[in-house]
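The structure appears below as structure tokens.
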Amino acid sequence: MNAAEIGVTAKDGVVSLTGVVDSYAKKMEAENAAKKVIGVNALVEKIEVKFPNSWSKPMLKLLHEVLTVLKSNWEVPNDKITVKVEDGWVTLEGKLHWNYQKEAAKRAINYLTGVKGVTNNITIKSKIHDLIEQKDVENAIRRSLPFEDNDIKVKVAGTTVTLSGTVNSWYHQGEAGRIAWKTPGIWNVKNDLTVDYYYND
């Protein structure tokens, strides 16, 4: 990605990204890079995806390519996913057993030429019916984020895990959520963690 394609402004922890890129993958790379910067509390993303006319594809052709890439991905049970394509925007729906499958489905589409954006409406319905132990989630977060989890509070209600408290970067907020999703039996994670750059400073 050419840095000249992206305009960046920052004030009081709020970062704004603007510009025009020629692929959805570049847009996601810029967004993910900004989220990893210490001190970023909020992100305003106004990057537009525009590609040459030669890259544009008929809706049915793009739909076929999306279905093909999902079918070829061993992590994705593609028979449980429905796909809609409209003006380069891909919408995924369906029910899967694991969050990593949901993330893999979106990740597979990110790099397809002709994709302007992806809406991932896939929901999780775990096939594991064991009770979720709060301490299992807490221990997993503590092992992976030993210096960042002092104020992360975990609450379990049925198949839903809620995270609350404060971390000092947006990256750690996302990591805590991803770690919680790995707990067997979870259908939903509510990540209510707030980001405070000066926390634990």
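Can you pull out every residue in the range 29-44 that is of a type in the set (D, E, K, R) and either loosely packed, with under 14 Cβ neighbours inside 10 Å or under 16 Å from GLN173 (Cβ atoms) (or both)?
Once the filter is applied, which keeps residues that are of a type in the set (D, E, K, R) and either loosely packed, with under 14 Cβ neighbours inside 10 Å or under 16 Å from GLN173 (Cβ atoms) (or both), the range 29-44 yields GLU31, LYS35, LYS36.
Could you grab me the full set of residues in the range 61-79 that are in a helix (DSSP H, G or I) and either modelled with pLDDT of 90 or more or in contact with a His (Cβ under 8 Å, 6 or more places away or on another chain) (or both)?
LYS61, LEU62, LEU63, HIS64, GLU65, VAL66, LEU67, THR68, VAL69, LEU70, LYS71
Within the range 168-187, work out how many residues are closer than 15 Å to LYS153 by Cα and more than 16 Å from the chain's Cα centre (by Cα).
1
Which condition from (1) at pLDDT 90 or above; (2) touching a helix residue (DSSP H, G or I) at 6+ places or on another chain (Cβ under 6 Å) is the one that SER16 breaks?
Result: SER16 fails condition (2) only.
I need the full set of residues from the range 13-29 which are in a helix (DSSP H, G or I) and either among the polar types (S, T, N, Q) or touching a Leu at 6+ places or on another chain (Cβ under 6 Å) (or both), in order please.
Hits for the range 13-29: nothing passes.
If GLY94 meets every condition in (1) open to solvent by 80 Å² or more (accessible area, probe 1.4 Å); (2) in contact with a Lys or Arg (Cβ under 8 Å, 6 or more places away or on another chain) apart from one, which number is that one?
(1)
Any idea how many residues of the range 1-44 are acidic (Asp, Glu) and either touching a Lys or Arg at 6+ places or on another chain (Cβ under 8 Å) or more than 28 Å from THR166 (Cβ to Cβ) (or both)?
Residues meeting the conditions: 2.
Please go through the range 81-108 and give me each residue that is assigned to a helix (DSSP H, G or I) and closer than 24 Å to LYS190 by Cα, ordered by number.
ASN99, TYR100, GLN101, LYS102, GLU103, ALA104, ALA105, LYS106, ARG107
Please verify whether ASN120 is under 25 Å from ALA33 (Cβ atoms) and either acidic (Asp, Glu) or open to solvent by 20 Å² or more (accessible area, probe 1.4 Å) (or both), treating the condition exactly as stated.
Working: under 25 Å from ALA33 (Cβ atoms): yes; either acidic (Asp, Glu) or open to solvent by 20 Å² or more (accessible area, probe 1.4 Å) (or both): yes.
The answer is yes for ASN120.
I need the full set of residues from the range 178-189 which are assigned to a helix (DSSP H, G or I) and either of a type in the set (Gly, Ala, Ser) or surrounded by 21 or more Cβ atoms within 10 Å (Cβ to Cβ) (or both), in order please.
Across the range 178-189, the qualifying residue is only ALA180.
Hey, can you tell me all the residues within the range 155-177 that are part of a helix (DSSP H, G or I) and in contact (Cβ under 8 Å) with a residue 60 or more places away in the chain? Reasoning before the result, please.
Filtering the range 155-177 down to residues part of a helix (DSSP H, G or I) leaves 170-177.
Correct list: TRP170, TYR171, GLY174.
When the residues of the range 45-64 are filtered to those that are in contact with an Asp or Glu (Cβ under 8 Å, 6 or more places away or on another chain) and open to solvent by less than 100 Å² (accessible area, probe 1.4 Å), which remaining residue is nearest to VAL85 (Cα to Cα)?
Here the residue is LYS57.
I'm trying to understand the selection: among the residues of the range 169-201, which are charged (D, E, K, R) and at pLDDT 90 or above?
LYS190, ASP192
The values are calculated or read from the model by the stated rules, or taken from the named source; none is laboratory data. As the structure is a prediction and not an experimental result, all values here were calculated from the model. With ideal geometry, Cβ positions are generated from the backbone for all residues, glycine too; neighbour counts draw on all protein chains shown. Accessible surface is based on the protein model in full, side chains and every heavy atom, while ligands, DNA and RNA are left aside. Shrake-Rupley method; radii C 1.70, N 1.55, O 1.52, S 1.80 Å.
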